[in-house]
Structures are given as C-alpha cells and as structure tokens.
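Colleague: This is the structure, below, for whatever I ask next.
The values are calculated or read from the model by the stated rules, or taken from the named source; none is laboratory data. Since we're looking at a predicted model, the values are computed, not measured. All Cβ positions, glycine included, derive from the backbone under ideal geometry; neighbour counts span all protein chains shown. Ligands, DNA and RNA are stripped out before the accessible areas are found, and what is left, the full protein with its side chains, is counted by its heavy atoms. Shrake-Rupley method; radii C 1.70, N 1.55, O 1.52, S 1.80 Å.
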Amino acid sequence: MAPKYYWKGYLKLSLVTCPVAMTPATSESEKVRFHTLNKETGNRVVSRYIDSVTGKPVKDENEAKGYARGENDYVILTEDDLDAVALDTVKTIDIDKFVPADSIEWIYLEKPHYLMPDDAVGNEAFAVIRDAMKADKVFGVSKLVMGRRERAVVLEPRGEGIVLWTLRFGDEVRPEENYFEDIDEKADPDLIPLVQQLIKQKTARWSPDMVSDPIQESLLKIIAMKKKALKPKKAAKGKAAESAPKSNVVSIMDALRKSVEADLKGRKSG
C-alpha cells in the first residue's frame, strides 16, 4: 500500500531543486478513540456551527475567518484573502543556512516528518544534499508553511532519507535554570558507585517493547469483553491493608545495596 503524503513540494539549496514528499514520522491512529453518543438512542451526536444571534445552523459555504477589532465587531477574511498572503514556503523548503548537528538542543525539536524524493528525476539532487549534510555533520535550517502558519524547521539526514523536524519557537521554551537552580549540585560520592552498579545490571539495548500504555491496553480489554457481551466478573475482595512499616525513613545506602542484591538474585533465579 502506497503511503499517503501530508505535504508535497520542493527541496531547494541554491540552484539545486528537487520535488519531495513529506509524511509525519509518528501516528496516533492506533489509539482508542471514542464517539459521543446519545445514551438513550445509541445514535451518534453531531456537532455543527450555530449563529450566536439567530440560533440557526451556518452552512459550510457561509463560514469565514474573523479577526476581532472590538466587541461584536470583526474583520472578515475569506479563503481568497488567506490565499493571497500565501508565502513561498507553502511549497518550497529552501535551505538558507546550516548548523552543526550537535548544536540544536533537544527541547527545540517538536515533531518529526519523513522527507523523501517525489520523482525519480530528483533522486540524484536529493541524495547529493542528504549525503553532503551527512558528511559535514550538519543540519539544514529552513522554513515551511504548515496549517497556514510558517514554521521553522531543520533537516536531519538519516539513512536514505531526511527527517524534517518542526521547531518550537524561543518563547515557547522555558529556561531550565528557573527550575533546576535550587537543586544540590553534588551527590554523595560514596553512593555513586552503587547506583552505577545498579544501572549496569539494568542496562539493555533499547526496544519499543520497553514502553506501553496500560490505560490503552485496559480499554481494549474492556471493549473486547463488551463485544462478546460477557458480564464483568465480580472483583475479588481486597486483602486487608498491610501494616505500614515502622518508619518511612530509610538509609539511601541500605536501599541501594538491597536493590543491587535483589536485582542480582532475580537474574540468577531467572
């Protein structure tokens, strides 16, 4: 099945241009989604725009964008007005500068998209731009209109393609110093080796299986049960609450030692 592209246009570097297509690198379509229903009839509830004064529904062709210039006073913009201010970045990703790949802080990277050639004729130009960035270990910086808003983007060469990241604007990022400045700078040096030992025992190669959504899984189980029209089993009576420990204050050193020993025992028994 051919992929559906979110955007099509051109990648441009000076006089080198090639047609490209882009699609989001992530998806939430697998998430459980609900429709709003009328509980009495089981029918879906439909939302629609209503005129706030007349109370009558507004037809699609009569909907327009409005900019408030006063109370109940708006400047109306039509689709033609909005199209008239379209920027060149609507259809062209023009790389105007490059930055070292390690110079962009992670917090500015917002959402990844896969960028690829959209025409066999443009494969060579695409590959040259990609491989040159890869060789110099740089990211391309550009702009792109997405949803009628011009976004700053960076282009990261990855494998045979390019990952285009939308960037957060500077005023959207909170300085970490405002939140971390009161944290103690140094830890007890005697505790660090124990934590390192614990880290070593728990270190494994990353896999997507390490993360899951327990709420999503529980919802799917409930939905499956209801599909089969099974009555939910009565919850077993809970056990009496265990008595609280005599003291909640524990030695960090003791806790770390016990964690390391417990992890080792678990590995040996497994």
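Colleague: Using alpha carbon centroids, what distance separates segment 13-92 and segment 181-215, in Å?
Modeller: That distance is 44 Å.
Colleague: Further, regarding this structure: If I fit a long axis through the Cα atoms of helix 123-136 and take the longest principal axis of the Cα atoms of the chain, what angle between them do I get, 0 to 90°, rounded to 10?
Modeller: Taking the Cα atoms of the chain, the angle to 123-136 is about 50 degrees.
Colleague: Shifting gears a bit: If every alpha-carbon in segment 159-227 counts as one equal scatterer, what log10 I(q)/I(0) does Debye give at q = 0.12, 0.21 1/Å?
Modeller: Here the Debye-derived log intensity ratios amount to -0.91, -0.98.
Colleague: In bins 5 Å wide, starting from 0, what share of all Cα pairs of segment 79-184 does each bin hold, as a percent?
Modeller: That works out to 2, 11, 18, 20, 16, 13, 8, 6, 3, 1, 1, 0, in percent per bin.
Colleague: For segment 36-139, what does the relative contact order come out to in percent, with C-alpha contacts under 8 Å and a separation of six or more? Working shown, then result.
Modeller: Working: 48 pairs, mean separation 15.0, N = 104.
Across segment 36-139, relative contact order equals 14 percent.
Colleague: Same structure, new question: Taking all protein chains as present, what is the carbon and sulfur share of the accessible area of the chain, in % to the nearest whole number, probe 1.4 Å?
Modeller: 54
Colleague: Next question, about the same structure. Specify the angular offset, from 0 to 90 degrees and rounded to the nearest 10, of the alpha carbon long axis of helix 192-202 from the longest principal axis of the alpha carbons in the chain.
Modeller: So the helix axis and the longest Cα principal axis differ by about 70 degrees.
Colleague: In what order, largest first, do 67, 5 sit by accessible area if the probe radius is 1.4 Å? Present the calculation step by step, with values, prior to reporting the outcome.
Modeller: On the way: 67 150, 5 85 Å².
The residues order as 67, 5, largest area first.
Colleague: Okay, moving on. If I ignore ligands, DNA and RNA and count only protein heavy atoms, how much of residue 252 is accessible to a 1.4 Å probe, in Å² to the nearest 10?
Modeller: 110
Colleague: Stokes-Einstein diffusion coefficient for the chain at 20 °C in a medium of 1.002 mPa s, Rh from the Kirkwood formula over Cα pairs: what value in µm²/s? Don't jump to the answer; show the numbers that get you there.
Modeller: On the way: Rh = 25.9 Å.
D = 83 µm²/s.
Colleague: Based solely on its DSSP helices, what 222 nm [θ] is calculated for the chain when runs of n ≥ 4 H residues each add -39,500 (n - 2.57) and the sum is averaged over all residues, nearest 500 deg cm²/dmol? Write out the running numbers ahead of the final one.
Modeller: Values: 6 runs with 67 residues, N = 270.
Helix-only estimate at 222 nm: -7500 deg cm²/dmol.
Colleague: Please work out the average accessible area per residue across segment 1-110, using the 1.4 Å probe convention, and give it in Å².
Modeller: 86
Colleague: While we're here: If DNA, RNA and ligands are ignored and the probe is 1.4 Å, what is the ranking of 106, 165, 7, 206 by accessible area, most exposed first?
Modeller: Ranking 106, 165, 7, 206 by accessible area, largest first, yields 106, 206, 165, 7.
Colleague: Loop only per DSSP, at most 11 neighbouring Cβ atoms within 10 Å: give me the GluC sites (Glu not before Pro) in segment 20-126, ordered by residue number.
Modeller: On the way: sites: 28, 30, 40, 61, 63, 71, 79, 105, 110, 124; in loops: 28, 30, 40, 63, 71, 105.
Sparse-neighbourhood loop GluC sites (Glu not before Pro): 28, 30, 40, 63, 71, 105.
Colleague: Continuing with this model, one more query. Please give the helix 252-269 orientation as an angle from the longest Cα principal axis of the chain, in degrees from 0 to 90, rounded to the nearest 10.
Modeller: Relative to the chain, helix 252-269 is tipped by roughly 90 degrees.
Colleague: How large is ³J(HN,Hα), in whole Hz, for each residue of segment 70-75 in order, when computed from phi with the Karplus curve 6.51 cos²θ - 1.76 cosθ + 1.60 and θ = phi - 60°, using x for Gly and Pro?
Modeller: x, 5, 6, 10, 10, 8
Colleague: Percent of alpha carbon pairs in segment 1-156 separated by more than 25 Å?
Modeller: In whole percent, the long-distance tail amounts to 53.
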